[in-house]
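*Asks:* Take this structure first; my questions come after.
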Amino acid sequence: MKKIIVAALTLACTSAFAQGPQGGADRVLLVAPDKMPLPPPPGQLHQMQRSAMIKAEDGFSTVKKSPERVRKFMNELAVIRGRQSTAAEAAAFVETVKSGKPIPATPIVVNSVGGLKLGFHAVAVRSGKLIGATPQGTIIDGKWTGIERYFHIDGSGYWRVSEMDLAASGGMFYMNQAALNTTVAGKPAISLVLTDDQGRRLEEVLWVNGGTLYKVTYAPDQHAGQGGGKINSAISAVSLAAELE
């Protein structure tokens, strides 16, 4: 049975889905906008085209006002910073997922990758201090197919690296070719800056390398005031993504 994967519209500016691999080591297929399987909602295409014309200070990232996405990340970050799960809770969560029972609303947050059983090797991270990790995806052969890790860089901000093992499900990830605007480790990528009405910002970059789908989200510390710039302009989501090993 073919599995469907839908990318966040605000990040990829498109829909994405998975099917059996069609050659090549990377489980990604670049698709022209008119070939995407799901048309955008009414008015969304115009909004996407307008957003594509607004560029961040790096000259290539698309800027999009998305208060709900900014707020969601900040809320998730607050949960990660305020909660640590026991080994027993993590094990019980796995059994709940395997059983098909409703998943508890309280997330599992561990303080090391070793606190979760993964079906793949998580990338090494060089920048920042790990403040928490949470499982993502599903369970295959007793192991998680995804993980999200949150880090703090003193004097610069917080960032998250998300990984999803596409190879485990045998799927391909489809990306809108028109939305590509950068590369990470030589792989085509989509970079986006999200803002809210208070001037807060998130930087996100999405790409596929081999059998893994990656997304880096960076919330930089900013100068006080409406539209305040980043305190450390040398760090970005793209630069953090380039450091992953």
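*Asks:* Answer yes or no as to whether Phe173 is touching an Asp or Glu at 6+ places or on another chain (Cβ under 8 Å) and in contact (Cβ under 8 Å) with a residue 24 or more places away in the chain.
*Replies:* Considered against the rule, which asks whether it is touching an Asp or Glu at 6+ places or on another chain (Cβ under 8 Å) and in contact (Cβ under 8 Å) with a residue 24 or more places away in the chain, Phe173 comes out as no.
*Asks:* May I pose another question? Residue by residue through segment 61-101, note down the ones that are of a type in the set (Phe, Trp, Tyr) and within 23 Å of Gln198 (Cα to Cα).
*Replies:* Passing the criteria: only Phe73.
*Asks:* Another question about this same structure. Given (1) in contact (Cβ under 8 Å) with a residue 24 or more places away in the chain; (2) over 16 Å from Val208 (Cα atoms); (3) surrounded by fewer than 20 Cβ atoms within 10 Å (Cβ to Cβ), where does Ala167 come up short, assuming only one miss?
*Replies:* All conditions are met except number (2).
*Asks:* Report yes if some residue within segment 193-206 is within 20 Å of Val123 (Cα to Cα), surrounded by fewer than 22 Cβ atoms within 10 Å (Cβ to Cβ) and not polar (S, T, N, Q); otherwise report no.
*Replies:* No: zero hits.
*Asks:* Would you say Ala234 is more than 26 Å from Leu29 (Cα to Cα) and either assigned to a strand (DSSP E or B) or in contact with a helix residue (DSSP H, G or I) (Cβ under 9 Å, 6 or more places away or on another chain) (or both)?
*Replies:* no
Rundown of residues vs (1) at positive phi; (2) surrounded by 12 or more Cβ atoms within 10 Å (Cβ to Cβ); (3) at pLDDT 90 or above; (4) out of contact with any His (no Cβ under 8 Å at 6 or more places or on another chain), yes/no style:
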position	(1), (2), (3), (4)
Ala8	no, yes, no, yes
Ala12	no, yes, no, yes
Pro41	no, no, no, yes
Lys72	no, yes, yes, yes
Glu76	no, yes, yes, yes
Arg83	no, yes, no, yes
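*Asks:* Return the only residue of Val110, Val125 being closer than 21 Å to Ser156 by Cβ, surrounded by 12 or more Cβ atoms within 10 Å (Cβ to Cβ) and under 19 Å from the mean Cα position of the chain (by Cα).
*Replies:* Val125
*Asks:* Here's a follow-up. What are the pairs with Cβ atoms under 7 angstrom where one residue, in segment 96-119, is in contact (Cβ under 8 Å) with a residue 12 or more places away in the chain and of a type in the set (A, V, I, L, M, F, W, C) and the other, located anywhere, is assigned to a loop (DSSP other than H, G, I, E, B) and exposed (fewer than 12 other Cβ atoms within 10 Å of the Cβ)? Sequence gap at least six, or different chains.
*Replies:* If the second residue must be assigned to a loop (DSSP other than H, G, I, E, B) and exposed (fewer than 12 other Cβ atoms within 10 Å of the Cβ), the pairs left are Val97/Ile103.
The values are calculated or read from the model by the stated rules, or taken from the named source; none is laboratory data. Note that this is a predicted model, so its numbers are computed, not measured. A quick note on method: Cβ atoms are made from the backbone with ideal geometry, for glycine too, and the neighbour counts reach across all protein chains shown.
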